[in-house]
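Down below is the structure, laid out as structure tokens.
Just so it is clear, none of the values below were taken in a lab; they were calculated from the coordinates. Bear in mind the structure is a predicted one, so any value in this text is a computation, not a measurement. Using ideal geometry, Cβ is built from the backbone for each residue, glycine included, and neighbour counts are taken over all protein chains shown.
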Amino acid sequence: MAARARPRDIAAALGPGTECVVLATCDRHEVWAASRDGDPAPRVAAALRDLAGVPDGALEVRRGRDAVRHLMRVASGLDALVVGEHEVQGQVGHAWRQARHAGATGPVLDRVFQDALATAGRARAQTGLGRGRTSLASVAVELAAAELGDAAVVPAVVIGVDPIARGVARRLVRLTGGRTSILGPHGPARRLAETVGAGSPREAAALDALRGAGLIVACATPEPAAAAVIAGRLAAPGGPLCIDLCVPRALPAGTRVRDLDDLRPVVARAHRVRASDAAAAERIVSEGTAATMDWLAGRVAAPAITRLVAHVEAARCAASTIPRPARAWSG
């Protein structure tokens with residue numbers, strides 16, 4: 001839901017003195033905020049209500065250590081549908097860099113996100129968490145290949161340009177022999193298409209690509225005209241296989257539509273293989289969380305320590321100006 005509002009708009013609505021990072025992907029919508037003027041949660045809720053239509057009471061709020069640990073688990077792929085998913089680390093880094101570019105972050109969130117990305121790097125390097133199928137994109141394309149069988153070389157369309165869409169497109173180009181189109185904002189879609197060897201049709205050509213596709217993967221909500229074409233094809237016999245990776249769902253339900261719940265059996269098998277690696281990664285996340293909380297505690301304590309030192313120094317200087325009583329010595 002937060003994806004409907006731009007990060008810079010949310011940051012502006014929170015006002016000066018509040019740092020903000022928005023992580024909005026096809027299956028995750030989170031706002032990270034830090035403020036020197038009290039709890040920012042009520043302002044975040046108000047901003048999302050006004051900018052994105054999120055109803056009051058619909059937010060899950062985490063604070064302090066719980067929030068820091070959650071971010072580190074997300075960046076490490078431990079909170080993903082596919083445990084160990086590597087694409088989410090890139091999404092977290094991209095969200096943070098976007099916020100920095102917009103001037104929405106400050107010393108607190110910069111440090112917290114740097115620590116989270118470093119912790120995710122250690123979790124991946126020091127465990128086997130990244131082995132095997134470690135992304136939503138790889139699982140989705142595996143499901144498509146299994147269902148399509150010999151027909152897997154049908155033309156495919158990917159809707160979206162985020163890191164998951166990038167992973168899906170890269171794999172589908174290989175699966176379809178290059179017969180893959182990417183629909184999304186013109187500039188990002190064109191650049192992604194050039195990178196992976198896909199097409200990026202526009203306007204009428206984009207709708208024609210949807211009409212001729214045998215596989216449609218939604219990593220973002222389609223534009224109204226595209227949604228109408230998809231709905232029409234799903235209502236007709238022999239429609240395309242559709243895989244909806246969005247939360248909430250971006251495509252209408254149908255017998256040829258698969259969503260995240262349909263990916264869970266494949267994911268469960270991978271989770272069993274990596275259970276011990278996930279446990280080791282959780283320990284690394286705990287260490288990273290403790291280190292970051294120590295830094296945050298020091299940041300909170302530093303002004304008080306500075307004031308105390310200044311007070312002691314002032315008291316020492318004042319004491320040095322008090323005349324000492326004369327003393328008589330007898331020899």
Karplus-derived 3J(HN,Hα), 6.51/-1.76/1.60, for each residue of region 201-214, Hz, glycine and proline x = x, 10, 6, 4, 5, 5, 5, 5, 4, 5, 5, x, 7, x
Between region 184-263 and region 51-129, what is the C-alpha centre distance in whole Å?
-> 28
Treat each spin label as a single point 7 Å out from the Cα along the C-beta direction, and report the A41 to R174 distance in nm.
-> 4.4
Taking neighbour Cβ counts within 10 Å as the exposure measure, how do H29, H94, H101 sort from fewest upward?
-> H101, H94, H29
Counting other beta carbons within 10 Å of each Cβ, put D277, D150, D27, D294 in order, fewest first.
-> D150, D294, D27, D277
Quote the FRET efficiency, to the nearest 0.05, computed for D9 versus R202 with a Förster distance R0 of 22 Å and r equal to the Cβ-Cβ distance.
-> 0.25
Using r as the Cβ-Cβ distance of A228 and V153, and R0 as 22 Å, what FRET efficiency do you calculate, to the nearest 0.05?
-> 0.25
Assuming R0 = 35 Å, can you tell me the calculated FRET efficiency for the pair R100 and R49, based on Cβ-Cβ distance, to the nearest 0.05?
-> 0.85
Take the Cα of D262, step 7 Å along the line toward its Cβ, and report every residue of region 148-168 whose backbone nitrogen sits under 12 Å from that point.
-> 148
